[in-house]
Amino acid sequence: MKYFFSITIVMFFWVHSIHAQKNVGLDNWFNRETNSKTGQLYHYLWTDTAWSGFSRWGKIFTDKGAKISQIEKPVSSSLKKLSVYIIVDPDTIPENPNPNYIGNDDIEAITKWVNSGGVLVLMTNDAKNCEFTHVNMLTSVFGIQFNYVSLHKVPKGEWDKGAFTSFIDHPMFKGISKIYLKEISSLTLTGCAKPILTENGIAFMAESCYGKGRVIAIGDPWIYNEYIDHDRLPADFQNHQAAENFADYLLKISR
């Protein structure tokens with residue numbers, strides 16, 4: 001009887017852990033670049049292990065027990081499997097001759113998903129390196145507008161020109177004193193959208209509630225492989241810890 005009881009408890013927690021696992025989906029539709037040398041999809045993907053990829057942030061999620069996936073066109077059947085949906089740097093024509101722009105059907109599917117409890121993350125890029133018109137059609141629903149600018153420019157080797165050192169009391173910045181973001185677009189916020197990272201009164205990260213869900217917007221893909229660790233960054237930058245905090249926060253607030 002005691003043995004049976006123990007097995008039952010183990011099985012309960014095993015089944016519970018499976019059902020509780022969060023699925024973090026990364027867009028591979030609006031961002032769909034092909035490497036001219038390899039012919040393979042790359043750039044801000046979980047599967048891209050070069051400096052251009054997100055494989056290291058993906059490992060942070062999986063080390064925390066989450067499942068990661070890459071999804072194509074966001075339809076209700078694919079979105080309903082996700083706890084977090086991340087869109088990064090939608091393509092411009094120079095990056096992709098036939099870009100998949102965010103359309104009205106995408107906006108309808110994504111906003112319904114967020115409204116029902118999904119957590120959406122949008123990380124764009126600076127002016128000329130990201131498609132803004134259709135992105136802003138989506139983000140305007142949540143009171144967020146990406147501005148067509150390029151701020152925090154960093155001359156070669158002048159790393160501190162890309163430093164942010166002032167933070168509000170937010171879980172993303174727990175224990176953080178310095179992070180690096182370069183060539184970043186700023187944000188214009190309305191409604192319930194609130195800034196979570198600012199400098200000189202300019203918003204660079206923001207958060208907005210929408211129905212049961214949440215939206216987080218950042219004007220740069222700042223924690224891709226090249227700048228998440230210290231391959232290039234000086235040791236006093238804490239992008240890796242910030243990426244850990246960001247993953248923890250997303251998993252905590254998602255369903």
Matching residues in segment 123-140 (hydrophobic (A, V, I, L, M, F, W, C), under 23 Å from residue 82 (Cβ atoms) and crowded, with 18+ Cβ neighbours inside 10 Å) number 4
Checked segment 86-122 for anything buried (at least 22 other Cβ atoms within 10 Å of the Cβ) and under 19 Å from residue 46 (Cα atoms); matches are 86, 87, 88, 89, 90, 119, 120, 122
Exactly one condition in (1) buried (at least 21 other Cβ atoms within 10 Å of the Cβ); (2) without any contact (Cβ under 8 Å) to a residue 24 or more places away in the chain is false for residue 41; which is it? (1)
Can you report the number of residues in segment 214-232 which are in contact with a strand residue (DSSP E or B) (Cβ under 6 Å, 6 or more places away or on another chain) and farther than 22 Å from residue 90 by Cα? 0
Can you name the number of the only condition in (1) in contact (Cβ under 8 Å) with a residue 40 or more places away in the chain; (2) at positive phi that residue 67 fails? (2)
Kindly indicate which of 80, 128, 67 is farther than 15 Å from residue 28 by Cα, within 16 Å of the chain's Cα centre (by Cα) and basic (Lys, Arg). 67
Please go through segment 46-71 and pick out each residue that is in contact with a strand residue (DSSP E or B) (Cβ under 8 Å, 6 or more places away or on another chain) and not hydrophobic (A, V, I, L, M, F, W, C). 47, 48, 52, 53, 58, 62, 67, 69, 70
Lone unmet requirement of (1) farther than 18 Å from residue 135 by Cα; (2) over 15 Å from the mean Cα position of the chain (by Cα) for residue 251: (2)
Among the residues of segment 41-59, write down those that are aliphatic (A, V, I, L, M) and within 13 Å of the chain's Cα centre (by Cα). 45
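Rule-based calculations on the coordinates, nothing more; no lab input. Keep in mind that this is a model prediction, so the values were computed, not measured. Note that each Cβ is placed from the backbone with ideal geometry, even for glycine, and that neighbours are counted across all protein chains shown.
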